[in-house]
1. Could you state the orientation-averaged shadow area of the convex hull built on the Cα atoms of the range 527-672, in nm² to one decimal?
2. How high is the relative contact order of the range 97-161, in percent, counting Cα pairs under 8 Å that sit 6 or more residues apart?
3. With charges set only on the Cβ (+1 for Lys and Arg, -1 for Asp and Glu), what does the dipole of the chain come to about its Cα centre, in debye to the nearest 20?
4. Which peptide among 245-252, 144-151 comes first, and what is the full order, when sorted by highest mean count of other Cβ atoms within 10 Å?
5. Along the charge dipole of the range 539-678, pointing to its positive end and built from +1/-1 on Cβ of Lys, Arg, Asp and Glu, which listed residue (557, 607, 635) has its Cα farthest out?
6. Counting only protein heavy atoms, what percent of the accessible surface of the range 38-155 is carbon or sulfur at a 1.4 Å probe?
7. If exposed chymotrypsin sites (Phe, Trp or Tyr not before Pro) are those in a DSSP loop with at most 12 other Cβ within 10 Å, what is the longest stretch of the chain that has none?
8. With the Cα gyration tensor of the range 424-490 giving a ≥ b ≥ c as the square roots of its eigenvalues, does the rule (a/c under 1.5 for rounded; else a/b larger than b/c for prolate; else oblate) give rounded, prolate or oblate?
Amino acid sequence: MHEAMDGEPLWQFWIDRGGTFTDVVARSPGGTVHTAKLLSEDPARTEDAAIAAIRKLTGVMSGPLPSCAVRMGTTVATNALLERKGEPTLLAITRGFGDALIIGTQERPELFVRQIVLPVPPHARVLEIAERVMADGTVLQELDEAAALQGLTEARAAGLTSVAIVLMHGWKYAAHEARLAELARQAGFTQVSVSHELAPSIKLIARGDTTLVDAYLSPILRHYVDQFSAALGPGSSPLFMQSSGGLIDGARFHGKDATLSGPAGGIVGMARTAEMSGAARVIGFDMGGTSTDVSHYAGTFERDSETRLAGVRIRAPMLRIHTVAAGGGSICRFDAGRLVVGPESAGAVPGPACYRLGGPLTLTDCNVLLGKLVPEQFPQVFGPQGDQPIDPQVVADKFAELAEQVVAETGQAMSLALLAEGFVQIAVNNMANAIRQVSVARGHDVTAAALACFGGAGGQHACLVADALGIETVLVHPLAGVLSAYGMGLASEAAVREGSLGLALEPGVEPAVEALRARLSDAAAAQLGTTPSRVETRLFVRREGSDAAIELEPGPADELAAEFAIKHRAEFGFDSMGPLVIDRVRVEAALEDARAGQLRWPLPAHSGPPVQTVQCWLASAEHHVPLYSRADLAAGFAATGPVIIVDPLATTVVEPGWQALVDPDGTLRLTRAIARRAMASDTSADPI
């Protein structure tokens with residue numbers, strides 16, 4: 001916990017600034033926990049959503065804010081990349097390779113598409129550098145410093161202030177890149193991103209894209225960080241979540257490490273709270289307003305070394321997250337004779353139709369029509385019209401129009417409830433398929449895991465997703481509606497660095513591994529800005545000629561080979577042949593804080609009665625369902641579905657065939673009460 005100089009505790013804020021909502025968990029100096037959920041974009045608001053939330057919760061509506069400790073994840077960098085609104089950037093690359101990053105690897109994700117539309121490249125201009133270093137370090141052509149400086153000066157005079165430096169084999173032989181960086185600063189560039197510092201790994205395309213993304217996004221990110229820090233005042237030093245799952249000081253927050261800033265907080269929150277609930281293996285199911293993020297956790301965080309976002313490869317360690325365009329705001333429509341959900345989203349404004357701002361039909365509206373979302377119990381959203389209630393009549397009218405469209409185009413009459421249920425089932429199938437990508441497709445038994453459900457819309461669909469996957473247990477934390485924000489409080493300050501090795505796994509390789517590990521440890525500690533309390537090393541081993549690397553803990557060569565064989569068969573289903581190669585080394589340096597983040601919730605001594613009974617359409621049948629306030633439920637409370645449980649930030653629907661139990665720590669544990677197959681045969685009600 002950050003504390004003031006006089007020993008008095010500060011306000012603590014853990015914030016996830018997402019694309020649709022900004023979620024906030026706060027702890028006052030007296031220890032009281034507060035939560036808030038705001039629309040991230042509000043035309044009526046002049047301040048950033050995070051600052052507006054801090055003002056609302058502290059009660060300081062104008063003037064300087066009190067000193068506070070802030071941990072934050074933000075989509076600023078992600079949105080800038082998706083919308084191509086980063087800083088105009090110069091790409092400085094070895095002569096003859098000016099088009100290399102546009103050409104890429106020439107892979108074709110959609111084999112039968114004849115017209116290939118390439119994404120807009122992030123760089124505005126290319127400067128080809130006269131220099132050439134061979135793969136063995138031989139200097140074929142010395143760096144032409146005079147020509148390089150002239151080109152850099154001309155680009156700077158044209159208004160460019162950001163440069164990405166990517167030279168052939170610069171990841172290993174960095175002298176030319178280092179000198180070119182000096183010349184760029186001499187020419188007046190304020191953002192100089194150099195590949196051997198940011199992505200010291202083999203493969204020009206991924207290394208180049210990563211460096212380019214950093215140069216393109218870092219100025220935008222720095223502007224936001226500076227602006228946000230200035231609004232907080234001099235007594236606050238915010239920390240920001242990186243894609244790798246570790247927090248970092250704003251001054252050391254790089255664009256390449258910010259693309260999964262918000263979702264990473266959700267994975268940390270999911271993993272830590274699941275461990276507290278005794279779950280050894282969990283599937284993270286984070287359903288927000290725009291999309292759903294899914295992940296797998298079994299004691300260690302799973303990370304990818306390379307990902308692709310908006311047509312750009314990013315070579316940086318980041319938590320393994322699979323995203324599908326299915327959120328509460330996903331637009332539902334009838335197109336070409338079929339029901340379609342997403343990928344378009346209604347966003348924060350206008351939002352779903354029920355928000356009364358002229359928005360289209362969305363998944364949220366489907367659950368309003370089905371009775372799962374009750375207007376008077378809808379979670380508070382501080383939006384353009386204050387704590388806006390939802391309007392079920394607008395939803396009914398729009399569904400009636402949709403039903404008329406279906407009849408006009410197909411001649412088939414469908415009830416409004418069946419239309420809404422159909423849309424929900426499509427979204428559930430999409431989300432279940434995303435979960436299979438991070439579990440079954442990687443050799444994990446999804447049925448042995450619990451589904452850790454969070455996000456504002458997660459509780460409305462958790463039982464249905466679990467049914468689709470054969471999962472028997474769902475965990476809903478007391479802060480599930482804002483768990484990505486709470487994850488910021490549970491995270492550690494950390495830096496993760498990777499480097500290529502490319503040496504055969506055999507006795508005698510240990511000194512080379514140790515030398516690289518030491519360099520990466522120093523680099524991670526430098527990024528962290530202090531001496532770490534924990535340093536972990538991982539080796540990535542592959543067969544020669546393959547790029548499928550397996551993550552292993554360091555050890556003797558024979559033990560590594562045996563462990564590789566076991567993990568390769570588990571993930572791919574067969575044993576591979578050929579010599580083993582240590583592809584790369586990863587080091588994580590962390591500053592653990594045992595006092596940060598963990599909260600406890602007082603539960604009532606006895607559970608209260610249902611707040612009301614509502615009419616719902618569940619499992620293709622109409623039900624009269626008791627609705628409980630989660631704040632009224634004591635430890636040990638149990639109820640068999642259908643049941644609806646609401647809290648200020650989320651609604652949890654306990655579907656027929658499921659049972660809800662409140663654990664001693666306040667976690668809502670949903671388990672199957674009726675066997676799935678038997679139940680499926682019992683719910684054959686006639687459609688209305």
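The values are calculated or read from the model by the stated rules, or taken from the named source; none is laboratory data. Bear in mind the structure is a predicted one, so any value in this text is a computation, not a measurement. In this analysis, Cβ positions are derived from the backbone assuming ideal geometry, glycine residues included, and neighbour counts consider all displayed protein chains. When the accessible area is computed, the model is the full protein with side chains, heavy atoms only, and any ligands, DNA or RNA have been set aside. Shrake-Rupley method; radii C 1.70, N 1.55, O 1.52, S 1.80 Å.
1. Working: hull surface 62.1 nm².
Quarter of the Cα hull surface area: 15.5 nm².
2. Values: 31 pairs, mean separation 15.0, N = 65.
Over the range 97-161, the number comes to 23 percent.
3. It works out to roughly 220 debye.
4. Values: 245-252: 20.2, 144-151: 16.1.
The densest-packed peptide leads the list: 245-252, 144-151.
5. Positive-most Cα among the choices belongs to 607.
6. Details: 3500 of 6480 Å².
Ligands and nucleic acids excluded, carbon and sulfur give 54 percent.
7. Details: sites that count: 112, 574.
Counting only loop sites that pass the neighbour cut-off, the longest clear stretch is 113-573.
8. On the way: a/c = 1.88, a/b = 1.42, b/c = 1.32.
Since a/c reaches 1.5 and a/b is larger than b/c, the shape of the range 424-490 is classed as prolate.
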